[in-house]
Amino acid sequence: MRIERLPLNALRAFAEAVRENSFKAAAYRLGVTPGAVSRQVKQLEARLGVVLFERHANGVCVTEAGRVLAEDVQAGLLRIANGVQQVTERSEQAFRLLISAPPSFLQLWLLPRLPDFEANERQIEISLDAEARLTQPLWLPNRARLSLRYGQGPWPGVTSQRLFEDTLFPVCSPTLLAQANIKAPSDLLAQTLLSVEWFSQAGHYIPGWSDWFKAAGVAVNKMPNQRQYSLYSLALDQAIAGQGVVLASYPLVADRLASGVLVRPFGEAYPLASAFSYDLILPAEGDAPPAVARFTEWLEHEAASFRDASL
């Protein structure tokens with residue numbers, strides 16, 4: 001019989017009646033009337049074509065067929081009950097952690113590293129919120145909300161932990177570098193420049209191409225046209241496709257530089273130190289729950305490893 005056709009209510013009433021050897025006692029346990037139990041059992045007997053109980057003036061007595069069926073039904077119901085209990089206990093024990101972070105940082109830095117943490121912390125349920133604006137952090141006994149932010153502190157009303165400083169530099173595809181005549185910073189004025197519309201918390205100015213050209217010693221009378229994108233990942237995809245040069249924030253391109261799909265046309269030369277940084281934002285008061293403490297410790301370790309690898 002297909003599982004969706006199983007008369008589960010009737011099977012439960014039948015199993016209780018066998019266990020109690022009484023329709024009345026089974027009804028009491030189930031919170032229904034004895035007549036309801038009797039009807040359920042009769043419906044089950046009619047459906048199976050088998051007599052499960054012998055009815056007498058003084059009560060009922062399970063038949064041999066009923067006894068055999070009851071063993072399997074009771075075992076099945078017990079297994080279902082155990083499964084529901086385990087799921088409920090896991091849900092009650094799970095710590096829910098919401099991490100808010102700018103979309104590009106979330107996609108390009110955190111997501112590739114997060115599976116290692118989740119593999120060792122199965123009792124922590126992590127949700128991700130791609131949000132560039134600062135979300136107020138909080139922590140409670142069974143849940144917390146943290147923010148990862150790119151910007152320039154101090155952050156009002158919270159505490160913060162510096163993950164890493166930021167450095168900006170041009171990157172492009174190896175194909176574009178091989179085809180274009182890019183030998184000096186001024187050569188980029190003839191290229192398609194890809195730009196990202198960053199959201200600046202508290203109105204802080206975010207460095208762009210004009211700042212990079214100035215730092216590189218290039219006098220620019222008029223900036224060339226720039227192709228604007230709302231997400232950093234979109235600009236990177238276009239750079240990888242050879243459609244232009246993007247001013248890169250190192251944490252967001254490190255993995256792609258390592259894989260070789262992006263390159264720095266001037267090597268380590270002409271970096272632009274940014275006043276912006278990547279910070280972990282925490283509540284200003286209270287002690288972090290153990291689950292949050294383990295996450296922040298892991299995050300700090302990942303950030304330290306990343307900084308060491310970039311040296």
*Give the relative contact order (percent, whole number) for region 3-92; include only Cα pairs under 8 Å separated by 6+ residues.*
25
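Please arrange Val220, Val32 by counting, for each residue, the other beta carbons lying within 10 Å of its beta carbon, fewest first. Don't skip to the answer; put the middle values down first.
Numbers: Val220 12, Val32 16.
In order of increasing Cβ crowding within 10 Å: Val220, Val32.
Please work out how much length the chain gains when fully extended from Leu48 to Leu111, using 0.36 nm per residue of separation minus the C-alpha to C-alpha distance, in nm with one decimal. Spell out each step's value before the answer.
Values: separation 63, 0.36 × 63 = 22.68 nm, distance 5.37 nm.
So the extension gain works out to 17.3 nm.
Nearest 0.05, what FRET efficiency do Ala36 and Asp72 give at R0 = 25 Å with Cβ-Cβ as r? Walk me through the numbers before you get to the answer.
On the way: r = 23 Å, r/R0 = 0.92.
The formula returns an efficiency of 0.60 here.
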_Just to confirm the number: angle between the C-alpha axis of helix 34-48 and the first principal axis of the chain, 0 to 90 degrees, nearest 10?_
80
*Give the angle, between 0 and 90 degrees and rounded to the nearest 10, that separates the Cα long axis of helix 290-310 from the longest principal axis of the Cα atoms of the chain.*
30
*Estimated FRET transfer efficiency when R0 is 25 angstrom, pair Ala178-Leu234 (beta carbons, to 0.05)*: 0.60
*How many percent of the alpha carbon pairs in the chain exceed a separation of 23 Å?*
68
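How high is the relative contact order of the chain, given as a whole-number percent (alpha carbon pairs under 8 Å, six or more residues apart)?
Values: 438 pairs, mean separation 62.0, N = 311.
Computed value for the chain: 20 percent relative contact order.
Calculate the FRET efficiency for Ser195 and Glu285 from the Cβ-Cβ distance with a Förster distance of 45 Å, rounded to the nearest 0.05. Write down the numbers at each step before the final one.
On the way: r = 39 Å, r/R0 = 0.87.
The value I calculate is 0.70.
Run through every distinct alpha carbon pair of region 166-274 and return the Kirkwood hydrodynamic radius in angstroms, one decimal place. Don't skip to the end; give the middle numbers.
On the way: mean 1/r = 0.0715 Å⁻¹.
When all Cα pairs of region 166-274 are included, the Kirkwood radius is 14.0 Å.
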_Sorted by Cβ density within 10 Å, fewest first, the residues Cys61, Cys172_ = Cys61, Cys172
_If amide hydrogens are placed 1.01 Å from N in the peptide plane, which non-local residues have theirs closer than 5 Å to the one on Phe53?_
Thr63
_Approximate spin-label separation Lys24-Arg133, in nm, with each point projected 7 Å along Cα-to-Cβ_ = 6.8
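Kindly state, as a whole number, the per residue volume in cubic angstrom of the convex hull around the alpha carbon atoms of region 3-92. Don't skip to the end; give the middle numbers.
Working: hull volume 9.2 nm³, N = 90.
Hull volume normalised by residue count: 102 Å³.
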*Across region 59-71, in residue order, what do the Karplus-derived ³J(HN,Hα) couplings come to in whole Hz, using 6.51 cos²θ - 1.76 cosθ + 1.60 with θ = phi - 60° and x for Gly and Pro?*
x, 10, 9, 5, 7, 4, 4, x, 4, 4, 5, 4, 4
*For Leu234, net neighbour charge (Lys/Arg +1, Asp/Glu -1) across residues whose Cβ lies under 11 Å away*: -1
_Mean shadow area of region 66-177, taken as a quarter of the surface of its Cα convex hull (nm²)_ = 13.1
*To the nearest 10 degrees, how steeply does helix 250-259 sit against the main Cα axis of the chain, on a 0 to 90 scale?*
80
*Can you tell me which of 283-290, 261-268 comes out highest on packing, and rank the rest after it, using the mean Cβ neighbours within 10 Å?*
261-268, 283-290
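Taken together, the values in this text are just the output of simple stated rules run on the coordinates, not laboratory data. In this text, all values refer to a predicted model and were calculated from it rather than measured experimentally. Cβ: placed from backbone, ideal geometry, glycine included. Neighbour counts: every protein chain shown.
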